[in-house]
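Okay, structure first, notes after.
What follows is calculated from the coordinates using simple rules that are stated; it is not laboratory data. These numbers come from a predicted model, not from an experiment. Quick reminder, even Gly has a Cβ in these numbers, built from the backbone with ideal geometry, and neighbours come from all protein chains shown.
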Amino acid sequence: MGLGSSAASAAAVAFGLNHLFELKLDDKQLIQFSAKGELASAGFEHADNVSAAIHGGFIIIKSYSPLEVIHLQPSPNLGVCIAIPEVPVAPKKTEKARSVLPKAVSMDKVVHNVGNAATMAAGFATGDVELIGRSMSDAIVEPARAFMIPGYQKVKENALKAGACGVCISGAGPAMMAIINSNKTDASRVAKAMKEGFKSAGARADTFCTKPGKGVSLLR
């Protein structure tokens, strides 16, 4: 659904085996082993989702060779609203979602995305939820995938009108995610607006509101 379930399960297995057999793997090694689990869903090893599952919070993958992961803690007033439409999901969905991406992009779109990526990192570093939301503007990936999600534009418009700071496709979709400043906005109101957006396109949706996770941990 675009919520990182394959990464969460891969991270849980790596973390569990590390604990069970006292392997003493550090977080970087756990990420590298967890990434191998993404072969099953995405067709290749990638560390963005598994790094978030291991660490929690906000993750930047600076490089793969060598693996360098930057971890930032989100502001406590950052809330997340998720809407999951009931639509058919194709096998190897992530792989298919990647296949529709453009093979070449214009320089102005690259500049747009790099600027927003840098600004988003600054927003997490400074705890500015509004800045994070304004940075959730993608000129390359989302426009190519929007057709795959019924009601995409209406969901986005509804969420912003209800007070969301920013809205985007969650992962490869079809779920959509809105970021809110919980000091200023009622999360349930945003979630309801997103649900109505999907309904306008004939799709029923489930919604929930949450906070950024803390990462994998042992339950005793």
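Report the trypsin sites (Lys or Arg not before Pro) located in the range 90-135 that are in a DSSP loop and have at most 16 other Cβ atoms inside 10 Å of their Cβ, or state none.
Here the trypsin sites (Lys or Arg not before Pro) that fit, given the DSSP loop and packing criteria, are Lys92, Lys103.
Go through the range 121-135 residue by residue and turn each phi into a ³J(HN,Hα) via Karplus (6.51, -1.76, 1.60, θ = phi - 60°); whole Hz please, and just put x for glycine and proline.
So the Karplus estimates, Gly and Pro as x, are 4, 5, x, 5, 5, 9, x, 9, 5, 4, 5, 4, x, 5, 7 Hz.
Specify the residue with the greatest mean-square fluctuation among Ala125, Ala187, Ala52, computed from a Gaussian network of the chain linking alpha-carbon atoms under 10 Å apart.
Largest GNM mean-square fluctuation: Ala125.
Suppose every Lys and Arg Cβ carries +1 and every Asp and Glu Cβ carries -1, with no other charges. What dipole size does the chain come out with about its Cα centre, to the nearest 20 debye?
With only Lys, Arg, Asp and Glu charged at Cβ, the dipole is about 480 debye.
Looking only at Pro102, Pro174, Pro66, which one moves most when the chain is put into a Gaussian network model with springs between Cα atoms under 10 Å?
Result: Pro66 has the largest fluctuation of those listed.
Against the globular-protein guess of 2.2 N^0.38 Å, express the Cα radius of gyration of the chain as a ratio, rounded to two decimals.
Compactness ratio reported: 1.02.
Determine the alpha carbon to alpha carbon distance for each of Lys36/Lys192; Lys62/Lys109; Lys109/Lys184; Lys154/Lys211 and list only those over 30 Å.
Working: Lys36/Lys192 37 Å; Lys62/Lys109 20 Å; Lys109/Lys184 32 Å; Lys154/Lys211 24 Å.
From the list (Lys36/Lys192; Lys62/Lys109; Lys109/Lys184; Lys154/Lys211), the Cα-Cα distance tops 30 Å for Lys36/Lys192; Lys109/Lys184.
Once you have a ≥ b ≥ c as the square roots of the Cα gyration tensor eigenvalues for the range 79-121, tell me rounded if a/c is under 1.5, and otherwise prolate or oblate according to whether a/b is larger than b/c.
oblate
What's the FRET efficiency of Lys214 with Ser106 using the Cβ-Cβ distance as r and R₀ = 45 Å, to the nearest 0.05?
The value I calculate is 0.70.
Using only DSSP helix segments of four residues or longer, with each worth -39500 (n - 2.57), what per-residue ellipticity at 222 nm results for the chain after dividing by its residue count and rounding to 500?
Result for the chain: -13500 deg cm²/dmol, rounded to the nearest 500.
Using a Gaussian network for the chain with springs between C-alpha atoms less than 10 Å apart, which of these wobbles most: Asp206, Asp26, Asp138?
Asp26
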